[in-house]
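The next block holds one structure in the form of structure tokens; read it before the comments.
The values are calculated or read from the model by the stated rules, or taken from the named source; none is laboratory data. Being a predicted model, the structure only gives us computed values, none of them experimental. Every residue, glycine as well, gets a Cβ built from its backbone with ideal geometry; the counts of neighbours run over all protein chains shown. Accessible surface is based on the protein model in full, side chains and every heavy atom, while ligands, DNA and RNA are left aside. Shrake-Rupley method; radii C 1.70, N 1.55, O 1.52, S 1.80 Å.
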Amino acid sequence: MELTLESYPALSRPELLAGPVATALGGWSAGSAAEVEIAAIDPALADTAEFCRRYGVALEASANCVVIAAKRGGVTSYAACLVTATTRADVNGLVRRHLEARRASFAPVDAVLAATGMEYGGITPIGLPADWPVLVDPAVAEHPRVVVGSGIRGSKLWLPGRLLAGLPTARVLPGLGVPVG
């Protein structure tokens, strides 16, 4: 059975946003912030595949935000990768080279949650620490209305991909998303 979503202007429902996400969206221009919508969801359905299946959202319209730990010379830095749910981030190839790291891997969940103030399953590029690069696949950047996390498991955001590509530390990186399968 497909569940129904009711969306609202994101800033009108701050209780559905993680604190850092609400703060970040509050700093956007009125025009850009007005293009962001939010809908409450069942937190048990926050994982992408289940969310898309139960709420009737196309995987191509859903973006996953994965956080990468890049290591070089004993120093670890973090970056976020934003790819459609039909792809996976090329972590050990393109991402590692782009970050000039000797090693790149998925960041430890506890470190990500502590650094972002977000919940596992709700990580979003909006409101991440200011020194984290956000690498965006062109399919996300070009999407007219993509779904991303809200910083919590109990809601999702809808917005034009160009707003994600326009984040202060964002860079559109062709080839970031590698087809799954």
**Q.** Complete set of residues in the range 139-161 that are of a type in the set (G, A, S) and more than 21 Å from V109 (Cβ to Cβ)
**A.** A139, A141, G161
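Given the residues A24, A10, A34, which is the only one that is over 20 Å from D110 (Cβ atoms) and without any contact (Cβ under 8 Å) to a residue 40 or more places away in the chain?
A34
Scan the helices (runs of 4 or more DSSP H) fully inside the range 97-181 and keep the ones with 2 or more residues being open to solvent by 20 Å² or more (accessible area, probe 1.4 Å) and in contact with a helix residue (DSSP H, G or I) (Cβ under 7 Å, 6 or more places away or on another chain).
Counting at least 2 such residues, we get 161-165.
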(Q) Looking only at the range 70-90, how many residues end up being buried (at least 19 other Cβ atoms within 10 Å of the Cβ) and farther than 16 Å from R171 by Cβ? (A) 3
